[in-house]
Amino acid sequence: MTRVHAYAAPREAAPLEKTVIERRELGPHDVLIDIAYAGICHSDIHTVQGDWGPQQYPLAPGHEIAGTVAAVGSEVTAHAVGDRVGVGCMVDSCGACDSCLRGQEQFCAEGAVFTYGSTDRDGTVTQGGYSEQVVVTESFVVRIPDALPLDAAAPLLCAGITTYSPLRHWKVGPGTRVAVVGLGGLGHMGVQIAHALGAHVTVLSQTLSKKDDGLRLGADDYRATGDPATFRELRGSFDVILNTVSAVVDLRAYLGLLATGGTMVCVGAPGEPLALNVGSLIGGNKTIAGSNIGGIRETQEMLDFCAEHGIAAEIEVIPASAINDAYDRVLASDVRYRFVIDAKTFGA
Ligand code: NAP
Ligand code: ZN
């Protein structure tokens, strides 16, 4: 066992505090990673606030991990000491079921082992990336291309793949009219990726306060959802709506923005249900869909795509002591556009 500094919530809805957690000894297929940066995803906040149900505490969140390989187990072939690597939302799965073989480990029939708050193979509860080091089985470690700085790459491990995967699945490309709802961590990645895929991109944000940023990130249009005229003027004008909002939204209003045959993909995951009147779908052969992160192969593909297109997260690097303040700012939609924790400060 190695003991490392970390930040964890001691109980539900409590501020995170400095602590020490244990990492297992390296098994033959394990990789020990010196964490350099860990992104703060809104899912970390939902989890420790209890929005998604009870958790086991203390709980160190963090599933946007970037760092370098410090040691490898005797049979590791995919990674070597010194490699720049990332770990996202999952750290293990059965590897043999249909979902795993398809490259969708998140839907593993035996249950994927998620990066934190999940029961691991050895019966322990996983602890996430708000820590100095992590041990992960080699097949769940991805390569971070040299073109991507580690700090700005960290958020790609969740925000990047969670937007890339549905945009690819729904065949977004040249000629597709895409709306991205919410310009936060996921939204600002969705805008950049949809633009790089060649789509016409509109941001739908609560206000116009981040319009300049949205246009700079690649949006062609930027509208305020607080203005009822937006829903009149853009009626029937999108093929795909990517909803990244962390709170409940009015589905009827957004489904009205879809063209006939269009799809609204929800990745935002509020704790409360969204109300759906099926008439909103029937009147236009529309689809409402969900999407859950993305598999490991696709995560590597996304990282390579981002490197090739010069895409990364816009970040504010913070010390671990500022995590609780950062949570408050995320909850107030005051994030531009991802907080990333400098892992050197976990032990400070
Ligand atoms: P975030 O950085 O907080 O961004 C969410 C954005 O939603 C905000 O910036 C804000 O954008 C908008 N918003 C927030 N509250 C709102 C409200 N009451 N009404 C309307 N708009 C509101 O969060 P994130 O890290 O991107 O995560 C977004 C959601 O995706 C969370 O629920 C998270 O758990 C979920 N998630 C899902 C997956 C998955 O696999 N499906 C993966 C990761 C995260 P504007 O200021 O532009 O309006
Ligand atoms: Zn996340």
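The values are calculated or read from the model by the stated rules, or taken from the named source; none is laboratory data. Because the structure is a prediction, the values reported are computed rather than measured. Here the Cβ positions follow ideal geometry from the backbone for every residue, glycine too, while neighbour counts run over all protein chains shown. Ligands, DNA and RNA are excluded from the accessible area calculation, which covers all protein heavy atoms including side chains. Shrake-Rupley method; radii C 1.70, N 1.55, O 1.52, S 1.80 Å.
Summary table below
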{"read-out": "Unique residue being small (Gly, Ala, Ser) and at positive phi when the list is GLY262, GLY279, GLY310, GLY283", "value": "GLY310"}
{"read-out": "Residue count, the range 25-56 (criterion: in contact (Cβ under 8 Å) with a residue 12 or more places away in the chain and within 16 Å of ligand 1 (Cβ to nearest atom))", "value": "17"}
{"read-out": "Residue identified as without any contact (Cβ under 8 Å) to a residue 40 or more places away in the chain and not small (Gly, Ala, Ser) among LEU59, LEU101", "value": "LEU101"}
{"read-out": "Condition check for HIS200: modelled with pLDDT of 95 or more, of a type outside the set (A, V, I, L, M) and farther than 16 Å from ALA313 by Cβ", "value": "yes"}
{"read-out": "Filter pass, ALA312 being in contact with a helix residue (DSSP H, G or I) (Cβ under 6 Å, 6 or more places away or on another chain) and within 16 Å of ligand 1 (Cβ to nearest atom)", "value": "yes"}
{"read-out": "Residue list for the range 84-99, filter: farther than 14 Å from ARG121 by Cβ and open to solvent by less than 30 Å² (accessible area, probe 1.4 Å)", "value": "VAL85, GLY86, VAL87, GLY88, CYS89, CYS97, SER99"}
{"read-out": "Which listed residue, of ALA312, ALA307, is within 30 Å of GLU138 (Cβ to Cβ) and either touching a Pro at 6+ places or on another chain (Cβ under 6 Å) or at pLDDT below 95 (or both)", "value": "ALA307"}
{"read-out": "Residues of the range 120-147 satisfying the condition of being more than 13 Å from GLY88 (Cα to Cα) and basic (Lys, Arg)", "value": "ARG121"}
{"read-out": "Test for VAL248: is it near ligand 1 (Cβ under 8 Å from one of its atoms), surrounded by 15 or more Cβ atoms within 10 Å (Cβ to Cβ), in contact (Cβ under 8 Å) with a residue 24 or more places away in the chain and of a type outside the set (Gly, Ala, Ser)", "value": "no"}
{"read-out": "Positions within the range 261-303 being open to solvent by less than 40 Å² (accessible area, probe 1.4 Å) and assigned to a strand (DSSP E or B), in sequence order", "value": "GLY262, THR263, MET264, VAL265, CYS266, ALA289"}
{"read-out": "So TYR254, is it over 18 Å from HIS188 (Cα atoms) and either of a type outside the set (D, E, K, R) or within 12 Å of ligand 1 (Cβ to nearest atom) (or both)", "value": "yes"}
{"read-out": "Selection within the range 187-198 - without any contact (Cβ under 8 Å) to a residue 40 or more places away in the chain and open to solvent by 10 Å² or more (accessible area, probe 1.4 Å)", "value": "HIS195, LEU197, GLY198"}
{"read-out": "Checklist (1) open to solvent by less than 20 Å² (accessible area, probe 1.4 Å); (2) touching a residue at least 24 places away in the same chain (Cβ under 8 Å) applied to ARG121, failing item", "value": "(1)"}
{"read-out": "Residues being out of contact with any helix residue (DSSP H, G or I) (no Cβ under 6 Å at 6 or more places or on another chain) and under 20 Å from GLY236 (Cβ atoms) - total across the range 169-194", "value": "7"}
{"read-out": "Single residue of LEU217, LEU208 found to be within 24 Å of ARG338 (Cβ to Cβ) and surrounded by fewer than 17 Cβ atoms within 10 Å (Cβ to Cβ)", "value": "LEU208"}
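One line per residue, one yes/no per condition, for (1) surrounded by fewer than 24 Cβ atoms within 10 Å (Cβ to Cβ); (2) away from ligand 1 (no atom under 16 Å from the Cβ):
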site	(1), (2)
VAL141	no, yes
PRO145	yes, yes
CYS158	no, no
THR162	no, no
ARG168	yes, no
LYS171	yes, yes
ARG177	yes, yes
GLY185	no, no
